[in-house]
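Questions regarding the structure given below will be posed in turn.
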Amino acid sequence: MDPFDENLRKLPKFYVIPKIHKTPVSARPILPCHSVVQGPAGKFVSKMLKGIVKTKQGIIHGSKDLALKLYSYKSLPPVKFDDREMKRLFFVSGDVVAFYPNVDVQKAHQIAANFLTEYYGSFGEEFDLDWVPRDVNHIRMFREALSIANDNLLCQFDGKIYCQVRGLAMGVVIRRVCGQTWTRVRVRTLGNY
């Protein structure tokens with residue numbers, strides 16, 4: 001790979017598309033990061049975390065996953081709380097505006113690293129993969145890949161270069177798994193369940 005190749009030096013161009021179904025009409029930000037130089041680090045992190053995220057209860061993996069889970073229930077069964085009377089449960093869902101830009105990236109990285117060490121540490125020495133984070137250096141490499149994939153991301157807009165200063169970037173491959181792990185811990189902390 002030639003580091004002076006013009007295609008490698010191109011930064012993603014930020015743009016918006018209108019959400020015409022919203023009242024008033026709003027915009028969805030688009031930052032295509034499919035070919036950025038940080039991409040391989042993001043793919044590595046995403047590959048390491050995706051399987052772990054699937055093992056965690058309470059994480060919805062998208063609208064289709066939510067619809068399928070809800071379809072499996074005719075109604076939610078009553079539940080008994082603290083040896084008291086049976087209570088009927090209700091499901092409430094919502095959409096968070098500007099979710100990814102408001103994720104605390106450093107905390108999301110720490111949570112992702114904790115999930116990684118907790119998950120692979122539970123298998124012991126008999127677990128055989130090409131790369132399993134077994135020591136401090138492996139975890140350090142994973143954290144460095146997290147940082148490379150998501151920190152100091154640059155983009156172009158209107159002929160100027162900008163650096164994302166907070167949150168998870170919408171176009172980065174690891175945003176979903178980092179957002180899911182961060183949300184799971186955050187919701188459990190707020191709800192104490």
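Taking Lys87, is it in contact with a Pro (Cβ under 8 Å, 6 or more places away or on another chain), surrounded by fewer than 15 Cβ atoms within 10 Å (Cβ to Cβ) and either of a type in the set (Ser, Thr, Tyr) or at pLDDT below 80 (or both)?
Working: in contact with a Pro (Cβ under 8 Å, 6 or more places away or on another chain): yes; surrounded by fewer than 15 Cβ atoms within 10 Å (Cβ to Cβ): yes; either of a type in the set (Ser, Thr, Tyr) or at pLDDT below 80 (or both): yes.
Criteria met by Lys87.
Are any residues in region 52-70 surrounded by 12 or more Cβ atoms within 10 Å (Cβ to Cβ) and charged (D, E, K, R), and if so, which ones?
Of everything in region 52-70, those that are surrounded by 12 or more Cβ atoms within 10 Å (Cβ to Cβ) and charged (D, E, K, R) turn out to be Lys56, Lys69.
Follow-up question, since we're still on this one. Filter region 22-45 down to the residues that are exposed (fewer than 12 other Cβ atoms within 10 Å of the Cβ) and modelled with pLDDT under 85, then identify the one that is farthest from Cys178 (Cα to Cα). Before you say what the answer is, go through the steps one by one.
Filtering region 22-45 down to residues exposed (fewer than 12 other Cβ atoms within 10 Å of the Cβ) leaves 22-25, 27-28, 34-35.
Imposing the further condition that a residue be modelled with pLDDT under 85 reduces the set to 22, 28, 34-35.
Working: Lys22: 27, Arg28: 20, His34: 17, Ser35: 20 Å.
Filtering first and then ranking leaves Lys22.
Rundown of residues vs (1) at pLDDT below 80; (2) exposed (fewer than 13 other Cβ atoms within 10 Å of the Cβ); (3) under 26 Å from Gly58 (Cα atoms), yes/no style:
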| site | (1), (2), (3) |
| --- | --- |
| Pro133 | yes, no, yes |
| Val136 | yes, yes, no |
| Arg143 | no, no, yes |
| Ile148 | no, no, no |
| Leu154 | no, no, no |
| Leu168 | no, no, yes |
| Arg175 | no, no, yes |
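The values are calculated or read from the model by the stated rules, or taken from the named source; none is laboratory data. Quantities reported herein were computed from a predicted structural model and do not represent experimental measurements. A quick note on method: Cβ atoms are made from the backbone with ideal geometry, for glycine too, and the neighbour counts reach across all protein chains shown.
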